[in-house]
Each structure stands twice: as structure tokens, then as C-alpha cells.
Amino acid sequence: MPLPGKQWRHLTFGTHNSWLPGDPRGFRDRHHKLHSSGDHRNPPPAGEYAKLNEHARQISGRPVLLEQAHRQIVLRSIYEKLHQLDHRCVVAACCAMHVHVLVELPDDLPEIKKITGKLKRSASTAIRDQMPGRIWARGGNYEPVKNKAHQRAVYQYILRHRKAWVWSYKSGQYYND
């Protein structure tokens, strides 16, 4: 159960240019004026918004990919920053293009966004020498965890990430799957 004034969240944020408008995995624009008919679980029909995606790729540049060697550093810096800020984290994973964290945060969206910015800044600083420049995309997803069953499902989802560095409270260790 969350502490008073806090809520468990499935926090997700991606690397710069890793999910552009028109993406074949599905997308929504910033204010949901335009979005595909599918999502990452149920992809939209092939070619839907293909021209938009091609245009976005031409003007955006290459996506930032975190190399295997950087993922553990990023994950460790995120976990340590959460610990420093006194937020309970039960599992986290860092993949090539995104990060997942199951964390207890204040039940205040502007504050959650500030905390997410601090996590991104900490991770960027940790790998600045190896990866200078912009690493993270704007924003993120801050999905509230509805109940205990939902929390277990999110925990298992994050824990099962492949080709990722994962940390779990059960093992207390970082490992590469």
C-alpha cells in the first residue's frame, strides 16, 4: 500500500527520437489531436501515417540508443536518485530506447514531472563522458497503479524485459537479461 499522499506509478520514459509521430507501433501527438488507430500492443494497419513518420524521421535525426554498457550505469543512477529523494522503488529496467520504473511518488502530477526530470538529468550526467548531447525525449508516461493485482502485473512486466539491465528489490542487484 502507498504511504499517505503518495501513489504507486509505472513510470516510463524514452530516448530522444525513439518514438516519432506516425510510428508503425502506434502513436499519439502531444495533445491527442492526431493519433493512430492502434498502440504498441495492437499495432495499427501497416502504412497508416507512413508519410508522417517518414517526414518526422527526416527532420528529427537518428534515434538515441543506449548501448549495453551504458544501461547499467543509467539504471544505477536512476535507482540511486530515487533513493536519495526518498521514493520507494521495487523494480526498474533500462533498455536501448526506454526506461521503466515501478515507484511510489507524490500524488501530484507537476511534482512527478519534476522528479522525472531529475532522474533523466542524473542518468545523463552519469554517462555524459561516453554519450554527450541530448539523450532523453520530452515527457514520459506516469501511469497510476490501480490496485495490488495491477502492481504485480507491472512488476512482472518490467522484470521480464529482455536485452535490458534490471534491478529488483527482491534480489537487490542489477542484472542483464
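Tell me, which residue of region 86-116 that is touching a Phe, Trp or Tyr at 6+ places or on another chain (Cβ under 9 Å) and part of a helix (DSSP H, G or I) is surrounded by the most Cβ atoms within 10 Å (Cβ to Cβ)? The selected residue is T116. When residues in region 89-133 are screened for being in contact with a helix residue (DSSP H, G or I) (Cβ under 8 Å, 6 or more places away or on another chain) and among the charged types (D, E, K, R), 1 of them pass.
Report yes if L159 is modelled with pLDDT of 95 or more and either crowded, with 19+ Cβ neighbours inside 10 Å or within 27 Å of W8 (Cβ to Cβ) (or both), otherwise no. In short, no. Annotation: H83 fulfils all but one of (1) at pLDDT below 95; (2) surrounded by fewer than 20 Cβ atoms within 10 Å (Cβ to Cβ); the unmet one is (1).
The values are calculated or read from the model by the stated rules, or taken from the named source; none is laboratory data. What you are looking at is a predicted structure, and each value in this text was computed from that prediction instead of being measured. Cβ: placed from backbone, ideal geometry, glycine included. Neighbour counts: every protein chain shown.
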